[in-house]
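Asks: Let me give you the structure first, and then I'll get to my questions.
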Amino acid sequence: MEQLQKILEEIRPDVDFASEDRLIDNGVLDSIDIIAIVTAVNNAYDVEINVQYLLPEHFNSVEAIYRLICKLQDE
């Protein structure tokens, strides 16, 4: 989770990822941010986030992104 937090802060240092739980719903992250996050997560965690997982609920918070990573690693 700590590694993920660092990745997100590198992409958007202006966002308080620790306290935000509606990143997509509140418009904090846009499509360009999601592309950057997906690319960074795919590389860092050796997973592949496919189009089927590009849903707002998977990117609304650090916890949601982390759950997605764990799910993909278990597959």
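We did not get these values from a lab; they are worked out from the coordinates using the rules stated. None of the values given here were measured: they were computed from a predicted structure. Every residue, glycine among them, receives a Cβ derived from its backbone with ideal geometry; neighbour counts consider all protein chains shown.
Asks: Quick one: which of SER61, SER19 is touching an Asp or Glu at 6+ places or on another chain (Cβ under 6 Å) and among the small types (Gly, Ala, Ser)?
Replies: SER61
Asks: With of a type in the set (Asp, Glu) and in contact with a helix residue (DSSP H, G or I) (Cβ under 7 Å, 6 or more places away or on another chain) as the only criterion, which of ASP21, ASP46, ASP33 stands out? Lay out the reasoning, then the answer.
Replies: Numbers: ASP21 fails: in contact with a helix residue (DSSP H, G or I) (Cβ under 7 Å, 6 or more places away or on another chain); ASP46 fails: in contact with a helix residue (DSSP H, G or I) (Cβ under 7 Å, 6 or more places away or on another chain).
Going through ASP21, ASP46, ASP33 in turn, the sole match is ASP33.
Asks: Return yes or no: is SER61 hydroxyl-bearing (Ser, Thr, Tyr) and surrounded by fewer than 12 Cβ atoms within 10 Å (Cβ to Cβ)?
Replies: no
Asks: So, one more: For the range 1-14, which positions are closer than 19 Å to LYS71 by Cα and surrounded by fewer than 16 Cβ atoms within 10 Å (Cβ to Cβ)?
Replies: Hits for the range 1-14 are MET1, GLU2, GLN3, GLN5.
Asks: Of all residues in the range 12-59, which are within 23 Å of ASP74 (Cα to Cα), under 12 Å from the mean Cα position of the chain (by Cα) and in a loop (DSSP other than H, G, I, E, B)?
Replies: ILE49, LEU54, LEU55, PHE59
Asks: Within the range 15-27, restricting attention to residues that are aliphatic (A, V, I, L, M) and buried (at least 17 other Cβ atoms within 10 Å of the Cβ), which residue is farthest from GLN5 (Cα to Cα)?
Replies: Per the stated criteria, the residue is ILE24.
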